Structure formats: C-alpha cells, structure tokens
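Undergrad: Have a look at this one before I ask anything.
Bear in mind these aren't lab numbers, they're just calculated from the coordinates by the rules spelled out. Everything numeric in this text was worked out from a predicted model, so none of it was measured. Ideal geometry is used to build each Cβ from the backbone, glycine not excepted, and the neighbour counts take in all protein chains shown.
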Amino acid sequence: MSLWQEFFRDPVIFFSFTGLAIVIGMCVFYAIYFYVKMVKAEKRSQ
C-alpha cells in the first residue's frame, strides 16, 4: 500500500497532518504579520 493511499484511508494520520499544517500555517502568518507591523512602526518613528 502506498503512503498516499494510507494517508487518506487512516483518519488518525489525516487529521494529525491536517492539524499540523494548520498550526504551521498560523505560525507563518503571524511571523509575517508581526514583521510587517514592526517594519511599519520603525518607518513611522523615524
């Protein structure tokens, strides 16, 4: 059985990796969000 079929057949693996992808996506979003806010605040204070 291939890994791709196992991923969609087993709900534990599917929901684990889906949750992990959501958490990593949120981390990336907030890292970019705070970086942009920091750059804008630095420009405004100068």
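Undergrad: Do the sum for the chain: with -39,500 (n - 2.57) for every DSSP H run of n ≥ 4, divided by all residues, what is the mean residue ellipticity at 222 nm, to the nearest 500 deg cm²/dmol? Walk me through the numbers on the way to the answer.
TA: Details: 2 runs with 42 residues, N = 46.
Result for the chain, helices only: -31500 deg cm²/dmol.
Undergrad: Let me ask you something else. Considering only C27, S45, Q5, whose Cα is most displaced toward the positive end of the charge dipole of the chain, charges sitting on Cβ of Lys, Arg (+1) and Asp, Glu (-1)?
TA: Farthest towards the positive pole: S45.
Undergrad: Kindly write out, for region 29-38 in residue order, the coupling ³J(HN,Hα) from the Karplus curve 6.51 cos²θ - 1.76 cosθ + 1.60 (θ = phi - 60°), rounded to whole Hz, with x marking Gly and Pro.
TA: 4, 5, 5, 5, 4, 5, 5, 5, 4, 5
Undergrad: Now for a different question. Determine, at each q value in 0.13, 0.14, 0.29, 0.30 (inverse angstroms), the log₁₀ of I(q)/I(0) that the Debye formula gives when each Cα of the chain is one equal point scatterer.
TA: At q = 0.13, 0.14, 0.29, 0.30 Å⁻¹ the computed log10 ratios are -0.49, -0.52, -0.92, -0.95.
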